[in-house]
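Peer 1: To start, I am sharing the structure in question, which I have written as structure tokens.
The values are calculated or read from the model by the stated rules, or taken from the named source; none is laboratory data. Just so you know, these numbers come straight off a predicted model, no measurement behind them. Cβ: placed from backbone, ideal geometry, glycine included. Neighbour counts: every protein chain shown. The protein model used for the area step is the full one, side chains on, heavy atoms only, and it has no ligands, DNA or RNA in it. Shrake-Rupley method; radii C 1.70, N 1.55, O 1.52, S 1.80 Å.
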Amino acid sequence: MQLIYQSDSFIVVHFAVPGDAAAAARPGPTLARTGYEIVDKAGQRETYVEGLLAERFAEGVQQIAAGPSPSVEAFDEFIAGYAALAQQKLALH
């Protein structure tokens, strides 16, 4: 688990779960699960994306970061598109 982004509006945490040891011992590619938890602070909601959606999210973030003038506003605008998927209400423990 790694915090990769935090602003006044959002928090994004990356989760990488390696494949199991038995799968790693077999020849061929091994599967690893990876995903992103996106927390909308203002909306008090969160969502988790994985698979192809997580890949697209990572590509979008990388494009913004590599752009001529990455800004908090640019990242927040991009993340807001994914935060719209959030259905899970935040609960404090």
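Peer 1: With a 10 Å radius around each residue's Cβ, average the other Cβ atoms per peptide and rank 35-45, 50-60, highest first.
Peer 2: On the way: 35-45: 17.2, 50-60: 13.8.
Averaged packing, sorted descending, gives the order 35-45, 50-60.
Peer 1: A further question follows. What is the Cα convex hull volume of region 31-93 when expressed per residue in Å³?
Peer 2: 101
Peer 1: Also, I was wondering about something else. So what is the accessible area of region 47-93 per residue, in Å², with the probe set to 1.4 Å? Write out the running numbers ahead of the final one.
Peer 2: Details: 3330 Å² over 47 residues.
I get 71 Å² per residue for region 47-93.
Peer 1: Packing-wise, with mean Cβ within 10 Å as the measure, how do 65-78, 2-15 rank, highest first?
Peer 2: Details: 65-78: 11.4, 2-15: 14.6.
The most tightly packed comes first, giving 2-15, 65-78.
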